[in-house]
1. Failed condition for V2, given (1) under 14 Å from the mean Cα position of the chain (by Cα); (2) surrounded by 16 or more Cβ atoms within 10 Å (Cβ to Cβ), with all others met?
2. Kindly list the number of the only condition in (1) touching a Lys or Arg at 6+ places or on another chain (Cβ under 6 Å); (2) modelled with pLDDT of 95 or more that fails for L18.
3. Looking at region 31-48, which of the residues that are under 18 Å from L105 (Cβ atoms) and in contact (Cβ under 8 Å) with a residue 60 or more places away in the chain is surrounded by the most Cβ atoms within 10 Å (Cβ to Cβ)?
4. Assuming Y107 fulfils every condition listed in (1) crowded, with 16+ Cβ neighbours inside 10 Å; (2) touching a Lys or Arg at 6+ places or on another chain (Cβ under 8 Å) apart from one, which condition is it?
5. Scan I28, I69, I51 and give me the residue that is crowded, with 16+ Cβ neighbours inside 10 Å, free of Cβ contacts under 8 Å to residues at least 40 places away in the same chain and out of contact with any Leu (no Cβ under 9 Å at 6 or more places or on another chain).
6. Please go through (1) assigned to a loop (DSSP other than H, G, I, E, B); (2) over 14 Å from L4 (Cα atoms); (3) of a type outside the set (F, W, Y) for K26 and return the number of the only condition it doesn't satisfy.
7. Residue check: is N58 open to solvent by 60 Å² or more (accessible area, probe 1.4 Å), under 28 Å from V102 (Cβ atoms), touching a Ser or Thr at 6+ places or on another chain (Cβ under 8 Å) and outside any strand (DSSP E or B)?
8. So V78 passes all but one of these: (1) touching a residue at least 60 places away in the same chain (Cβ under 8 Å); (2) closer than 16 Å to L18 by Cα; (3) open to solvent by less than 50 Å² (accessible area, probe 1.4 Å); (4) outside any loop (DSSP other than H, G, I, E, B). Which condition number does it fail?
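The values are calculated or read from the model by the stated rules, or taken from the named source; none is laboratory data. Everything quoted here is computed from the prediction, not taken from an experiment. Neighbour counts are summed over all protein chains in view; Cβ atoms, including those assigned to glycine, are modelled from backbone coordinates with ideal geometry. Areas reflect the complete protein model, heavy atoms only, side chains present, ligands, DNA and RNA absent. Shrake-Rupley method; radii C 1.70, N 1.55, O 1.52, S 1.80 Å.
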Amino acid sequence: QVQLVESGGGLVQAGGSLRLSCAASKKINSINVMGWYRQAPGNKRELVATITSGGSTNYADSVKGRYTISKDNAKNTVYLQMNSLKPEDTAVYYCNGRIMVVGTLKYDYWGQGTQVTVSS
């Protein structure tokens, strides 16, 4: 079992920045893929960014160039730096960790979420 705890959410003006943190109870190098998802009211949960244990990253088109996902293995923490925020970025952001076994998803862990609100 892996526990994930997000922090860093809040209220910011459009154009502002926030940095989210996700602290894991397990060494993140043992988690194949960690990522950030978000969900706004009435919307389906959507992928924001992922980072593999090897350091490879990918981003949703809507945030590419504005968000950066990174990690600190020593602190077992994954970060999401969000710049040039827009009102449409408003959502609950969730940290996710996935462990693959024999090529299939075996474990799928989620944090409790942190609210990000961007005002106009």
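1. Failed condition: (1).
2. That leaves (1) as the condition not met.
3. Filtering first and then ranking leaves W36.
4. (1)
5. Working: I28 fails: free of Cβ contacts under 8 Å to residues at least 40 places away in the same chain; I69 fails: out of contact with any Leu (no Cβ under 9 Å at 6 or more places or on another chain).
When all the criteria are applied, what remains is I51.
6. (2)
7. On the way: open to solvent by 60 Å² or more (accessible area, probe 1.4 Å): yes; under 28 Å from V102 (Cβ atoms): yes; touching a Ser or Thr at 6+ places or on another chain (Cβ under 8 Å): yes; outside any strand (DSSP E or B): no.
So N58 does not fit the description; no.
8. Result: V78 passes all but (1).
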